[in-house]
Every structure is written in structure tokens, then in C-alpha cells.
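Notes follow the structure.
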Amino acid sequence: MTSATNLPAADPSGRIHREIIQLAVLIAIAGAAFVLTRAVARANQRAGLREAAEWYERGQQRLAAGEVGDAIGAFRRAAARNRADRRYGLALARALATSGQEPSAQRVLLSLREAAPDDPEISVELARLAAGLQDVPGALRYYHAAVYSPWIGWPDRRELRLELIRLLLAQKQAGRALPELLAVSMDLPDQAGPHVEVGELFSAAGDVRQALAQFQRALQLAPRDGQALVGAGLAAFELGEYARARKYLDSAPASVDAVRSTRELVELVLTRDPLASRIRSAERQRRLRANMSYAQERLAACSPPPESSLEDQDLELRKALESFQARLRTPAIREQDTIESGVELTFQIATRLLQTCPSPEPLDRALIVIGRQHGAAEQ
Amino acid sequence: MSTLLRVDRLWLRENQLFLALTIVIGVLAGLAAVLFTVAIEQTSHRLFGLAPSALRLFAIPPLMSLVTGVLLVKFFPDVRGSGVPQTEAAYHLSGGVIPARVPFGKFLTGVLCIGSGHSMGREGPSVQIGAGLASVIGRWLRLSPANVRDLVPVGAAAALSAAFNTPVAAVLFALEEIIGDMNATLLGSTVVASVVAVIVERSILGNEPLFHVPAYQLVHPAELGAYAALGIIGGILSLLFSRALLGLRGLFLRLPQGSKIFQPAMGGLVIGAIIVFCPAVMGVGYDYVDQALNGGLLLKTLAILCVVKMAATVVSYASGNAGGIFAPSLYVGAMAGGAVGMVVHRFAPFPTAEPGAYALVGMGTLFAGIIRAPMTSVFMIFEITQDYQILVPLMVANMLSFAISKRYQRLPVYHALLEQDDVHLPSPAIEARATARTARHVMRTAVPFVPADTSVEAAYLSLLEQDAPAQLVGTRDHLLGWVTRQQLEQWRSAGRSADPLASMLDGEYVHVHPDHPIDVVLDRFAQTGGVLPVVSRTAARRVEGIVTLDSILKVVDRRARGRDPAPAGASGAESDPPATRPNRGPTAD
């Protein structure tokens, strides 16, 4: 006889046992599924990378063929499939900039920069883009980011700085360019070329003394470097070191127009300056008389138009010249004051001659240079 | 005593098991979503290659849709469309039971449909796949029905989290959309599963975000006006999209049953024609969304893509292909927002953000208007941008879009799609009162029917014979409506005695569902002729019982005697006096 009490009780341990096994099976399935899915995802990723490379190639071909629009589309697809390779994003940005879509190019580059803020190439592209948009502060910021990037080598750093300097000079911001020039001049290699390049930039920025120093360094490394000689000669001339300027210019290639004209000017300055050092008193007086005589001839030859504002000035200069020439016939010619006054007068006359003479003579300019060198100022 | 202790231990163990399963489901659903995404990409690549010809673009969608049409009709009838409404229906109406073929079928057909160029999203299918896996696992482990049901939103959240890489938004979506309520009990489980899934996804696919979005912000307070305008435009577009989708789908549903197998291919033909001229609307299209978010598209392109994508999605979905509308709503929103942003940026007299900011807000706005999940929309955009600053304009635009959509479209699109399939989801208010007395307690299941081809005269005589106030017309599985004695008299007087009842009824009628609370039953009963049909939520024309005055009085009597009535009603066929209200349509709550 059976009764409910004799029925075997349901054994929960069997159920627990089953659940543990099922859970273990599920975990094993999950593990296997993870491995499988990861393998499939990696294969897909590799396919995506290949596709990105193909699109990139297509883009390059389209770009070479002048089809910028198609190239942009191809680069966009490449960048979408492989965001990690910044070449694609950079190519896209460059293509966009080429097609005049600078804001879009900037957005692409800024997006790349978020992922790699220290990448100098991205910073350079942003800098160039900003320069194209006349955003000098922006360009400065990005060039600095590129220059100070830890991932950039020294030669590239220098080239970037020079690019920045050229930009600043083109934007007439010599004040900002000079510190950069000083920085770049600190690590130039021992070759004449870089020193000449930097010297020219210093000249353009208005720091002639630094320019001369660079040219001189270049000449130490390559004494016959034509560009260095020209640069040094012109720089020395600007600085009033005419003797040194003549030394450099005499060795510089004569084919350069500036060399010829400057050389002639330097020669005239050196041979007609009554206040030059280490010349005899007789030579001083001779030079002064010659300058006065020349000035008188030139005044006569280049009269201003009648009733012009310069006619009065011309009259005054003639009177002053006559009066001074009278002094030259007295012992006063030997006095320093007289000579200085003479230089001042010839400076004034030569300045006036530049305004009225249709084709100024080299000596006109030389007299002005001589006058300025000795403190004369335009009235 | 020892048995009681063991039961307690078993109960605790099921809860512990539930937690362990949450983690396992998070892993599996996450892997499924990743595999789904990868499979779609691979399929698309293999079908179309790098630069497909016009012929290939035109031919692939309809050809693949012929295959998927067979699969969807013959093997996987439950996997058409998005998957989100079906998941909701499974959760609310089927106790969370999702057959094993559903996740498998959805995966297969989803890959084929979306990979072959249909303009559909992958998130909705991922939700159904994840929910299906969770349901299958829960039933395999013989969890209680309540726990099986609760695993559905857990799986859904995990899959969405991995598919969209937004764990918080996925949790909110599961609570806001699937469950329809911020259920604290399930919050923890969905969070765990969502986090596990996103960890799995990122360990496989990397930490790359779905969209690379610059940091946008509100530039000038006056911009809020512009974003409000975007909200209004988004609301209108949401309405247009929903109405077009439901309208075209209704059209397809009314086609002969035999054409169902070819309907996906019909949609495929149209899609093929569209993508020949506008391949940008193929598939998911997140590449173009990314471009819009970064201001990389022209105004004309944005406007065209907005319109064409809407049209393509409507065609793909309405023709019965397997795929979602989640991603297309984001796409359309991004294009619309970008276009508005372009106009504002160009003409506004005050400083404005880049058009990409408007594209970002537009995404959320359309999502809030179409899907009607505003919380999910806000958090989704926040997770994409990782930035609070755009949240204020986003909330302004979302609120307006949501309000407009709700004002002019009674049901959210997912619920409306279910209603087209005669599936009526309970409202949260109804579910909250599910433990109270319901129609199930007062209905009786023995229901007489009069066949639809019965003449008016015969029906009238039958009513007289039974001395009934009204009768149901049709069969238990397909109710056409009900007729009252007064109606039949009127039709006889009008000389339509010989006409069949089917020709006199418009197919719409007042009804209740088994879980409707008593006050709703009484309210609707007053609108009938004395017979109120109780129909199933999963098939709104299938009769589960009827409520009559007699059955109501019996319940009242039992209560008075201190005995609660059993659910599913008493047996019997007592008749009730008729009322004179005309029939109304089978509509949801």
C-alpha cells in the first residue's frame, strides 16, 4: 500500500546540480562565442584596413588626375574605415584645403589632433591652414606645437621654424619673427647654406647686425660663398662699415645688381667722405671742396619747377652754398666745425636733389649716406 | 521544516542564478550584437564591393529580398520589421516567451536585409536577438515565468548597449520602451547586463566611439529659439515619417496573403532604384551621420538625404523586410538638424554654433518624436558627446518634438505597428492595476456566435428565439462585431432582411481585454447592446469571453456573500437586455 508519505520527496539537489551544469555550459558557450566573435571581428577589421588602403590609393590617383572632388570622397571613405591611420585624415584635409574647403579641412585636422595632440604633422597642416586663412596667432600656435613636439627631429624642427619665420615676415610681423630667428640661429649646422639663409631672414627682419654675424659665420665655413659675400657686404653697408662692405663686395659676384650699385656707392662713400677717419687735413679739404662743387653743379642742373614749393628751399640752399664756399676760401676750412657743416649742407642738397632730379646720380646717394653716417637729419 | 528550508534555499538560489544569468546574457547578447554588426558589414562588402556599378546597386536589394521573403514567410514569420515592438509584445503579453527560432531568424534575415542595402537599422533587430537569447536561456534553465519575463528587458538592454555603445541609454531604453516603466527591481539587472555587454563590445571592437563629434555648446542664448524651431520641425518630420510608415505598411498588409512572400522584394525593387541615384541612404548610413555631425555636408545634400532616407526607410520597413527604424530616425534627424543649422548659421543675426551642433540635436529630436523615448534620447546624445553643454538645447528641442508627435499621433510608432497587427499592448496604468479585479473575473467563456453570412432576418429570429439583447457575429478566432435586436429591426425595416450580417458591419466594435479593470469594463459595457466581447491582446479579433449584465450581477452577488469570483468568468449562456449603441472599432487602450 502506498500513501503520500511513502512517495519519495523531490530531491532539490538534482535541480541544483542541473543548474550548475547548465550555467557551466552557458559560460563555456560564452567563452567559445567570444573567441569566435573576436576572430570574425578581427577578420572584418583587416578587411576594413585593406578597403581603406584601396580607397586611399584611389584618392591619390584621383588627386593626381586633378579630380579633387572624387579624391575627397575616396579619402573620406578611407578615413572612415581606418581612423587610426592618420595618413588618410591628413590626405583628406589636404584635399579639402586644395578644393577651397578650408573650414572642413580644419575640422578634420582638429579631429585628428584630438586623438594625437603631439603629432607635429597635424600641427603643421593646421598651421599652414591658419596661415592661408590669415590667422597669424593661430598659425603661430600650431607651428609652436609642431616645433615643440617631442616627436620631431632637429632638422625638421629648424625647417618648421624657418617656415614660420617666412610667414611672419610676409605678414610684416618682424617683431614676432626676430625671437624665432634667434632661436633658430642657436642650432644651425656647420654649413654655409643655413647660415646664409638665416642671415637673409635677419636682414629682412631688420636686424642687420645679426644678419652680418650669420653671413660672417657662413664665410668662415665657405670663404668664397657668393651669397654670403653679397649678404655680408650689404649688411656691412647698412651698418655703416663701408670698408668692410667694400672688402666683401669686391669679392662678391658682380652679376648681382645690388652688388654693383652698392659697390659703387661704397666706393664713393669711402673716397668722398670728408669726415672719414685716418685721412690728412688736405685730403679732407679737397673732398669737401669737390663735394661743394659737385653740389653746386647739380643744383644748377636740377632746378625745381617755377613757383613750386621747392623753389624757396632751392634758393636758400644756393645762398647757403655760396656763403659756405666763401668760407672755404678762409682758414676756417681747416676747422672740424666747418667740415661738419659742409657735410650737413651737402646732405641737404643731395636730399633735395633726389626730389627734383629725374635721375639721381650715385654721388647724390653717396652724399646722403655720408651725411646720415655723421648725424645729419632731413629738415 | 527541512523541506521549507530547502525551498528557501532554492528560492535564493534562483535569485542568485538570475544574477549570474544577467552576466552571462550580457556577454552573449553583447557578442550577438557585435557579430550582427560585423556580419552586416561583411555582407554589404561582399555583395557590393568597393565601388558597385549601377546594375549591382539596383539588382542586389530585390534579389536578396526574394530570399529573405521566403525566409520571413516560411520559416521565421515573427521576425519581420524592427524587433522592438515584438519584444515589447513578448514581455507584456506572452510572459517573455520568445521562441528559439526568433533570435536566429532575426540575425539571419537582418544581416541579409540590411547588408543588401535596405535602409534600416540594426539596433532594433539586436534588441530582439538579445531578448530572444535571454528568453531561451531562461526557459532552458527552467526559471519561473516571472523571471523568464524579466530576462527579456535584460537581454534587450545588453544587446542595444553593445550595438550602439551607449550603456546608459540602453538601460533607459529597456525601461522606458520595453517595460514602459522605471521598474526598480529590474534596474540593477539591466545595468549589469548593459555594462557587461559594452565591456565585451569594446574589448572586441575597441574604444572607438560610434561618432566623432566635436565639443559643441550653446553659443548665444538666442540660439534656444533656433533649437526650438528645430524641435518643431523635428516633431512635424516625426509625424510625417510615422504616418507614411503606417500608411504604406497598412497598404502592404491589405495586399493578398499570397503576395506576402514577394512584398520584401517589391520594396527591394524600389530601394534598388533609389540607391542607384542616392547610395548614401543604403543600409545603416552612420558614415553620413558622422559627416553631418562634423559639418561636412552641404545644405542641398542634407535636405536631399533627409527626404530620401525617410522615403527609403518607409519603403524598406513597410514592405516587410527585417530591420529597425532606430538608426534611420537618427540619420534623418542628423540631416534635418544639419540643414536647419546651415540656415541658422548663415542668416541668424546672433552668433551660432556650427551646423554640426544642430545635426546632433536633430538626431535626438527625431528620435524623441518617432520612438517617443525622450529620456533615452537625451542620455544617448550625452553618451555620444560626453558633454553636458548641448543638453539644454537638446532637451528644449526634444520636448517640443515629443509634444507635437504625441498631440497628433495617438500611439508611439512601435505600438501603432503592433496595433496594425491586431496586437494591443496594455498601458502602464492598466498593468499597474493588473492585480485588481479585471474583465477576466467577470466574463464567461461559453460564447454563442452567429456566423457572418447569416442573413439579417435569420439573425433577428435567432435573437428572438434566445431572448438575447445582442449577439456576437463571426467566430471565436475572428470576431466581426455584434448586433443588437434594435439594429436588426432597423435593417429589416430598411428592406435588408436578406443581406448577410457581414455586409452590415464595419468591423469596428467596443471591446475590452482580459486584464482591463472592472471600472473600464463597466464603462464600456454601457456603450454596448448588453454584450461586451473580451478579446485577446495578442490577436484583437480572438474572443476569450463575453461580459453580460448577468455575469456582472453574479460577481456582485458573490462579493456580497463574501466569495470572490474565479477569473475567466462563470459558465452559462444567460442573455442580457440589449442596448442601442452602434459598434466601434477594435482599438487599443
_Sorted by Cβ neighbour density within 10 Å, fewest at the top, the residues B:Trp491, A:Trp55_ = B:Trp491, A:Trp55
*List the extent of the Cα atoms of the protein assembly as shown along each of their three principal axes, largest first, rounded to whole Å.*
159, 72, 56
*Tilt relative to chain A, helix A:281-301 - C-alpha long axis, 0 to 90 degrees, to 10*: 80 degrees
*asked:* Test of the criteria: in segment A:72-167, which chymotrypsin sites (Phe, Trp or Tyr not before Pro) are in a DSSP loop and have at most 14 other Cβ atoms within 10 angstrom of their Cβ?
replied: A:Tyr148, A:Trp151
*Of B:Lys74/B:Lys260; B:Lys300/B:Lys406; A:Lys172/A:Lys247, which pairs sit farther than 21 Å apart, going by alpha carbon to alpha carbon?*
B:Lys300/B:Lys406; A:Lys172/A:Lys247
*asked:* Tell me which DSSP H helices of chain B clear both cut-offs, 24 Å or more of axial length from alpha-carbon atoms and a mean Kyte-Doolittle hydropathy of at least -1.0.
replied: B:2-48, B:54-70, B:123-140, B:145-164, B:184-205, B:223-253, B:299-318, B:326-347, B:391-408
*Could you work out, residue by residue across A:37-46, how many beta carbons of other chains sit within 10 Å of that residue's beta carbon, and then give the average as an integer?*
6
*Taking the Cα centre of each part, how many Å lie between segment A:80-130 and segment B:282-356?*
24 Å
*segment A:269-311: GluC sites (Glu not before Pro) falling in loop per DSSP and having at most 15 other Cβ within 10 Å*: A:Glu307
*Please find the FRET efficiency linking A:Ala320 to A:Asp156, where r is the Cβ-Cβ separation and R0 is fixed at 51 Å, and quote it to the nearest 0.05.*
0.25
_Cα→Cβ-extended label distance, 7 Å offset, between A:Asp70 and A:Ser359, nm_ = 5.9 nm
*For segment B:94-171, which chymotrypsin sites (Phe, Trp or Tyr not before Pro) are both in a DSSP coil and crowded by at most 16 other Cβ atoms within 10 Å?*
none
*Along the Cα-to-C-beta direction of A:Thr271, a point sits 7 Å from the Cα; which residues of segment A:251-265 have their amide N less than 15 Å from that point?*
A:261-265
_Euclidean distance of C-alpha centroids, segment B:128-185 and segment B:187-206, integer Å_ = 12 Å
*Would you mind counting up the charge near A:Val198? Only other residues with Cβ under 15 Å from its Cβ, with Lys and Arg at +1 and Asp and Glu at -1.*
-3
_Nothing charged except the Cβ atoms of Lys and Arg (+1) and of Asp and Glu (-1): what's the magnitude of the dipole of the protein assembly as shown about its Cα centre? Round to the nearest 20 debye._
1480 debye
*asked:* Let me spell out the model: positive unit charges on the Cβ of Lys and Arg, negative unit charges on the Cβ of Asp and Glu, origin at the Cα centre of segment A:245-294. What dipole size does that give, in debye rounded to 20?
replied: 320 debye
*Given a cut-off of under 8 Å on Cα pairs at least six residues apart, what relative contact order in percent is computed for chain B?*
15 percent
*asked:* For chain A, take the longest principal axis of its alpha carbons; what is the angle in degrees between that and the long axis of helix A:336-356, to the nearest 10 within 0 to 90?
replied: 70 degrees
_Charge tally in the Cβ shell below 13 Å around A:Ile333, where Lys, Arg are +1 and Asp, Glu are -1, A:Ile333 excluded_ = +3
*asked:* Debye calculation, C-alpha points only, no solvent: report log10 I(q)/I(0) for chain A at q = 0.11, 0.12, 0.13 Å⁻¹, in the same order as the q values.
replied: -0.93, -1.00, -1.07
*Compute the FRET efficiency between A:Asp190 and A:Ala32 as 1/(1 + (r/R0)^6), taking r as their Cβ-Cβ distance and R0 = 60 Å, and round to the nearest 0.05.*
0.35
*Within 10 Å of each residue's Cβ, count the other Cβ atoms and sort A:Ile339, B:Ile274, A:Ile27 from fewest upward.*
A:Ile27, A:Ile339, B:Ile274
*Likely footprinting exposure, A:Cys302, A:Cys357, fewest C-beta neighbours within 10 Å first*: A:Cys357, A:Cys302
*Across the residues of B:201-208, average count of Cβ atoms on other protein chains within 10 Å?*
3
*Based on DSSP H runs of at least 4 residues, each adding -39500 (n - 2.57), what is the mean residue ellipticity at 222 nm of the protein assembly as shown after dividing by all its residues, to the nearest 500 deg cm²/dmol?*
-22000 deg cm²/dmol
*For helix A:226-238, report the angle its Cα long axis makes with the longest principal axis of the Cα atoms of chain A; keep it between 0 and 90° and round to the nearest 10°.*
60 degrees
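A short reminder: the numbers here are calculations on the coordinates, not readings from a lab. Because the structure is a prediction, the values reported are computed rather than measured. With ideal geometry, Cβ positions are generated from the backbone for all residues, glycine too; neighbour counts draw on all protein chains shown.
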